[in-house]
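Okay, so here's the structure we're looking at.
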């Protein structure tokens, strides 16, 4: 099945910057962004699908392939970030000159919402307490091991089926660079994936996820930000973000989670969006100390 829909993006809309966070950098087996547009593979409630978004004469053309094509195309505007509501944000952004400037600079960047929890939760669990390079290497390996060819053109893989992941022994993840702690958190999430997908919104999903051992507020925030397009999701427990927020908003080179939340309080409702703007603007606190080393668990 192939389904097509035309979408009208807002003025100054930045297509690539809006959808890029849905992909692992450099190479994502389940998605691609290039000169041909954006391709994204999904396991929808109606079956497997791939979605292609491409710009054409000021519009976005959404094309879905596979049994879940209609579901994917119906959700295409959310995946492109076009349901992101910035209505009240400019007034909040004006409370700090840097945030106000970044909000104007990146006003065309919208927050995407896939409507799917487990694929993003899988990625977030793999990103716990390791470098991005390690996490993304593991993510690619897990997707290649458990993924299946997605329908339509593009040579993509469907995200891993949670039922298959849940039935896998934890030691089978060691060759992918994933140790027992993260693997067990992932297996617990896979067992309840159906219930997670039925959550009514980010608050319920966060409560259900953080009730699982091995999944805390950081992992939940990283998940609901892009599953639901939650602009208020703050990644409490992050290694860098508290320092970035403290430096950007108060000129303090180091910050704690408590201090970060205090400084973000004036932007409630869009606190995660402010963190994203600081990242897009390249704001970084002064760096002290050694970098986190790359590790491998493949031989354990």
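Where a number appears in this text, it was derived from the coordinates with a stated rule and is not lab data. Worth saying up front: this structure is predicted, and the values here are computed from it rather than measured. Don't worry about glycine lacking a Cβ; one is built from the backbone with ideal geometry, like all the others, and counts go over all protein chains shown.
Which residue, 43, 12, 182, tops the fluctuation ranking in a GNM of the chain built on C-alpha contacts under 10 Å?
Checking each option, the largest mean-square fluctuation is seen for 12.
Can you tell me the convex hull volume per residue for the stretch 118-215, based on C-alpha atoms, in Å³ to the nearest whole number?
109
How large is log10 I(q)/I(0) at q = 0.07 Å⁻¹ when the Debye formula is applied to the Cα atoms of the chain, each weighted equally and without solvent?
-0.26
Using the number of other C-beta atoms within 10 angstrom as an exposure proxy, rank 42, 1 with the fewest first.
1, 42
Rounded if a/c is under 1.5, else prolate if a/b is larger than b/c, else oblate: which is the stretch 68-140, with a ≥ b ≥ c the root eigenvalues of its Cα gyration tensor?
oblate
Among 241, 79, which comes first, then next, by fewest other beta-carbon atoms within 10 Å?
241, 79
For the chain, what does -39500 (n - 2.57) per DSSP helix run (n ≥ 4), summed and divided by total residues, give at 222 nm, in deg cm²/dmol to the nearest 500? The partial results should precede the final answer.
Details: 15 runs with 123 residues, N = 300.
Roughly -11000 deg cm²/dmol at 222 nm, from the helical runs in the chain.
Subtracting the Cα-Cα distance from 0.36 nm times the residue separation, let me have the gained length for residue 56 to residue 100 in nm, one decimal.
Extra length from residue 56 to residue 100 when fully extended: 12.7 nm.
Determine, from the Cβ-Cβ distance of residue 192 and residue 252 and an R0 of 45 Å, the FRET efficiency 1/(1 + (r/R0)^6), rounded to the nearest 0.05.
E(calc), rounded to 0.05, equals 0.70.
Figure the gain on full extension for residue 239 and residue 203 (residue separation times 0.36 nm, minus the Cα-Cα span) and round it to one decimal in nm.
Values: separation 36, 0.36 × 36 = 12.96 nm, distance 2.34 nm.
Gain in length upon complete extension: 10.6 nm.
Could you give me D for the stretch 24-88, from Stokes-Einstein at 20 °C and 1.002 mPa s, where the hydrodynamic radius is the Kirkwood radius over C-alpha pairs? Units µm² s⁻¹, please.
Taking Rh from Cα pairs, D becomes 171 µm²/s.
Taking the alpha-carbon centroid of each part, what is the distance from the stretch 203-233 to the stretch 151-173 in angstrom?
So the two Cα centres are separated by 21 Å.
Connecting C-alpha atoms closer than 10 Å in a GNM of the chain, tell me which of 77, 85, 276 has the biggest fluctuation.
85
Going by how many other beta carbons lie within 10 Å of each one, how would you line up 228, 13, fewest first?
13, 228
Given a 10 angstrom Cα cut-off, can you work out which residue in 76, 258, 135 is the most mobile in a GNM of the chain?
Highest fluctuation of the listed residues: 258.
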